[in-house]
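Have a look at the structure below, then the notes.
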Amino acid sequence: MGVTVGQLAERLGAEVPDAGTGLEREITGIKPAEAAGGSDVTFVTDARHEEGLARSGAGAAIVPKPIDGLAIPQLVVKDVNVALIETLNLFAPKLKPAVEGVDPSARVGVNVQLGEGVCIGPHVVLEDNVQIGTGSLIRGGCKIGENTRIGTNCRLDSNVVVYHNCVLGSHVIIQANSTVGSVGFGYAFVDGAHKLIPHNGGVIIEDFVEIGANSCVDRAKFGNTIIGAGTKIDNLVQIAHNVVVGKCCLIASQVGVAGSCRLGDGVVLAGQVGLADNIEIGAGTMVGAQAGIMSSVGAGEKLAWTPALNHKEAIRVVAHILRLPKLARELKRLTAKVEQLEAAENDKARG
């Protein structure tokens, strides 16, 4: 089912220059400019992509400002990203909705409390004293441990495990196969062997946190591991015991945050960043991909490289490294020249 260009413009609050043309064309999907056809809407976020739009076969385009000479209808919006989210939601696949209530195959312990409109999928296990708030969805194969509380309008996708004594706020999303509350990697070397230190604490996931697939958030030894409100965690991320992550942080795939680290609000960690244990990352700091952070850093830093450096210094270091082959050749040439001069001096002295 589609909408007309005019209907889409109204939904997005967009202005349409030359509004008399093309408003009745039906739009059934959204695609990038190079792949879009006549029934698709496309988009550009900045001037760099305008050239591709000029060659596109799209039926309409969402743009931040009018583009001269573009033959298709233009939907001019204040924020293309906001409009893009709305349009993607409009054309999202229409999947079968979850069934309200508890699937007959689920196992429910004693003193479990379920709010109105909760959906409990097939083969879910809810252990004793679990609480799940109104409108939350627990998909098939999930397991929720004893005394764990889950807030309202949460979504746990298939096979998520939340261990005992954990707390999830409201509007939390955890994608498939992720684990919250597993025992942390903490050992003491006793009598010639590594002995696991008990982890008796919990995990607190605050409101509007999203965690991707196959990620882990370990429970604390004491107190709680905490993920601050609005933080978004990608797939394949490891958050160790007693870590405190601030509000509205972004943590990309394959990041590893070692035990007892503290991240301020708005920290951004790009893919494969690694943090040593017991360090603090100041609010608003951004760390580039594959950087290794070995000691605490202040607020608002921009870091890259391993060990991590200020991004401007890291650029200089990389530039010098790229010059090494040339410098090696020059050193070889100069060494040969010095050897020739020394040989000539030796010959002169013997003569």
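The values are calculated or read from the model by the stated rules, or taken from the named source; none is laboratory data. Everything numeric in this text was worked out from a predicted model, so none of it was measured. Neighbour counts run over all protein chains shown; Cβ positions are idealised from the backbone, glycine included.
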Quickly run through segment 91-111 and pick out the residues that are surrounded by fewer than 18 Cβ atoms within 10 Å (Cβ to Cβ), aliphatic (A, V, I, L, M) and either in contact with a Phe, Trp or Tyr (Cβ under 8 Å, 6 or more places away or on another chain) or modelled with pLDDT of 95 or more (or both). A106, V108, V110
Exclusive hit being surrounded by fewer than 22 Cβ atoms within 10 Å (Cβ to Cβ), modelled with pLDDT of 95 or more and touching a Cys at 6+ places or on another chain (Cβ under 9 Å), set A258, A229, A213: A229
So is A54 surrounded by 20 or more Cβ atoms within 10 Å (Cβ to Cβ) and in the same structural domain as L23 (by TED's automatic domain parsing) or not? no
For K221, are the conditions met, namely being outside any loop (DSSP other than H, G, I, E, B) and at pLDDT 95 or above? no
Could you identify the single residue in N235, N200 that is within 28 Å of C119 (Cα to Cα) and part of a loop (DSSP other than H, G, I, E, B)? N235
What are the residues in segment 77-99 that are touching a residue at least 12 places away in the same chain (Cβ under 8 Å), among the β-branched types (V, I, T) and farther than 13 Å from I30 by Cβ, if any? V77, V99
Residues that are surrounded by fewer than 10 Cβ atoms within 10 Å (Cβ to Cβ) and outside any helix (DSSP H, G or I), drawn from segment 308-351: G351
Among the residues of segment 264-271, are any surrounded by fewer than 17 Cβ atoms within 10 Å (Cβ to Cβ) and assigned by TED's automatic domain parsing to the domain that holds G300? yes
Taking G282 as the residue in question, decide whether it is surrounded by fewer than 17 Cβ atoms within 10 Å (Cβ to Cβ) and either within 22 Å of the chain's Cα centre (by Cα) or of a type outside the set (D, E) (or both). no
I'd like to know if segment 112-119 contains one or more residues that are in the same structural domain as A240 (by TED's automatic domain parsing), in contact with a Gly (Cβ under 8 Å, 6 or more places away or on another chain) and crowded, with 19+ Cβ neighbours inside 10 Å. yes
Just to be sure I understand the filter: pairs with C-beta atoms under 9 Å, separated by 6 or more residues or on different chains, first member in segment 65-76 and closer than 19 Å to Q7 by Cα, second member assigned to a loop (DSSP other than H, G, I, E, B) and among the acidic types (D, E). Which pairs pass? P73/D18; Q74/D18
May I ask you to list the residues in segment 100-145 that are in contact with an Asp or Glu (Cβ under 9 Å, 6 or more places away or on another chain) and free of Cβ contacts under 8 Å to residues at least 12 places away in the same chain? none
What's the number of the condition T148 fails, among (1) free of Cβ contacts under 8 Å to residues at least 24 places away in the same chain; (2) surrounded by 14 or more Cβ atoms within 10 Å (Cβ to Cβ)? (1)
Given the condition more than 26 Å from the chain's Cα centre (by Cα) and of a type in the set (D, E), answer yes or no: does some residue in segment 192-213 qualify? no
E345 is checked against (1) in the same structural domain as D234 (by TED's automatic domain parsing); (2) at pLDDT below 85 and fails just one. What number does that condition carry? (1)
Is at least one residue of segment 286-303 assigned to a strand (DSSP E or B) and closer than 15 Å to F185 by Cα? no
